[in-house]
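A.B. asks: Pasting in a structure now, in structure tokens, and then I'll have a few things to ask.
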Amino acid sequence: MEKIPMTRAGHTALETELKTLKSEERPAIIRAIAEAREHGDLSENAEYHSAREKQSFIEGRIKELEGVIGLAEVIDPTKLSGAIKFGATVTLVDEDTDEEKTWQIVGEHQANVEKGLLNIKSPIARALIGKEEGDSVEVRTPGGVRTYEVLKIDYI
């Protein structure tokens, strides 16, 4: 199996979610199922079916998280330098609009564009890999071709 790159923060977040699911969510749903069973006829018991559906989701998510954590390769960006690579925090300027954007390149399980966390497999991240400060990068996006200049590369 291929290792899944992630930052320490991403790994910690997944471990925290897994711990919460196992120690809080799973026992709570087991109690909810037991309560719903006490109400009698299960074939017409909406609470029971809802609880079973939620239990299925929780168990699936636990298995998914265990798999991802098992394949995780934690990369510490503070030990990196140079051209853009996984873990880099990159400040770009859109050459058409002069709008500045800052993103950190992270693994797909940690990615969240609204929080400035860019999936390593995204078109922008793939175009940035290997670039240096001052380089111009052309990215094909669903909205058309965008051109960015790399202003700053940090490994924090």
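The values are calculated or read from the model by the stated rules, or taken from the named source; none is laboratory data. None of the values given here were measured: they were computed from a predicted structure. Neighbour counts are summed over all protein chains in view; Cβ atoms, including those assigned to glycine, are modelled from backbone coordinates with ideal geometry. We work out accessible area using only protein heavy atoms, side chains counted, and drop any ligands, DNA or RNA first. Shrake-Rupley method; radii C 1.70, N 1.55, O 1.52, S 1.80 Å.
A.B. asks: For T12 and E133, calculate 0.36 nm times their separation in residues minus their Cα-Cα distance, and state this gained length in nm to one decimal.
C.D. replies: 40.5 nm
A.B. asks: Could you work out how far the C-alpha centroid of region 46-71 sits from that of region 18-32, in angstrom?
C.D. replies: Region 46-71 and region 18-32 have Cα centres spaced 10 Å from each other.
A.B. asks: List every residue whose amide H lies under 5 Å from the amide H of T7, counting only residues 5 or more places away in sequence or on a different chain, with H placed 1.01 Å from N in the peptide plane.
C.D. replies: Under 5 Å from the amide H of T7: I75, G107.
A.B. asks: Okay, next question. Defining a contact as two alpha carbons under 8 Å apart and six or more residues distant in sequence, what relative contact order in percent does the chain show?
C.D. replies: Across the chain, relative contact order equals 24 percent.
A.B. asks: For region 106-156, build the charge dipole from Cβ charges (+1 Lys, Arg; -1 Asp, Glu) around the Cα centre, then report which of A127, G143, G116 sits farthest towards its positive end.
C.D. replies: G143
A.B. asks: If I model region 43-110 as equal point scatterers sitting on the Cα atoms and use the Debye formula, what is log10 I(q)/I(0) at q = 0.18 Å⁻¹?
C.D. replies: For region 43-110, the Cα-only Debye profile gives -0.83.
A.B. asks: Rounded to whole Å and sorted largest first, list the principal axis extents of the Cα atoms in region 12-63.
C.D. replies: Rounded to whole Å, the extents work out to 42, 15, 11 Å.
A.B. asks: Expressed as a rounded percentage, what relative contact order does region 79-140 have, with Cα pairs under 8 Å and six or more residues apart?
C.D. replies: The normalised contact order for region 79-140 reaches 29 percent.
A.B. asks: Per residue, how large is the accessible surface of the chain? Use a 1.4 angstrom probe and give square angstrom.
C.D. replies: Numbers: 9520 Å² over 156 residues.
Accessible surface, normalised per residue, equals 61 Å².
A.B. asks: Something else now. Taking a temperature of 20 °C and a viscosity of 1.002 mPa s, what whole-number D in µm²/s does Stokes-Einstein yield for region 15-156 with Rh from Kirkwood over alpha carbon pairs?
C.D. replies: Working: Rh = 18.3 Å.
Answer, rounded: 117 µm²/s.
A.B. asks: OK, next. Apply the Karplus curve 6.51 cos²θ - 1.76 cosθ + 1.60, θ = phi - 60°, to the phi angles in region 55-66 and return the couplings in whole Hz, x for Gly and Pro.
C.D. replies: 3J(HN,Hα) across region 55-66, in whole Hz: 4, 4, 4, 4, 5, x, 5, 4, 4, 4, 5, 4.
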